[in-house]
Amino acid sequence: MYMRSFTSVIVFKHPFVLRGSPDEFPAGQYKLLVEEELLDGLSFPAFREAAAFLLIYGPSAGSGPREMRRTTQADVRAALENDTEMATKAGGLDVMPSVSRDIRNGTRSASQVQDGRTVEQRVEQWINTLTSPLPH
């Protein structure tokens with residue numbers, strides 16, 4: 001079975017909890033590793049999420065990941081939406097969360113925007129960027 005993987009770098013501004021996990025994670029930068037499998041039997045290429053892991057790093061920047069916590073993109077998306085809402089309530093933050101997706105031949109980034117759109121519109125754009133199909 002054909003598999004593909006991609007890594008997204010996400011930044012949380014506040015401590016967060018993932019659904020199904022008893023732990024609270026500190027604010028900071030995390031990597032999300034997503035593996036997708038090719039769906040067989042279709043007349044066009046289509047993939048589905050096979051696994052997603054949040055890489056939890058140690059206290060020092062160069063220590064490398066100490067844990068790979070299994071999760072889903074949907075759970076991470078919900079935590080990021082909650083983080084954005086908390087930031088908006090706390091100080092009127094008018095920027096999207098920082099996200100970048102490393103792709104085999106380049107990088108796609110969701111940059112911070114301040115163009116008068118509502119938080120919901122910015123979060124929706126950010127979600128579409130995170131979940132958009134990878135180029136072939």
So how far apart, in nm, are the two label points at V9 and M86 if each is 7 Å from Cα heading toward Cβ?
2.2 nm
Take each of the peptides 76-86, 35-45, 20-30, 3-13, average the number of other beta-carbon atoms within 10 Å over its residues, and list them starting from the highest.
76-86, 3-13, 20-30, 35-45
Sorted by chain and number, the residues with a modelled amide H under 5 Å from that of A50, at a separation of 5 or more or across chains, are E35, E36, E37
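Values quoted throughout were computed directly from the atomic coordinates according to the rules given, and no laboratory measurement underlies them. Quantities reported herein were computed from a predicted structural model and do not represent experimental measurements. Positions of Cβ are backbone-derived with ideal geometry, glycine not excepted, and every protein chain shown enters the neighbour counts.
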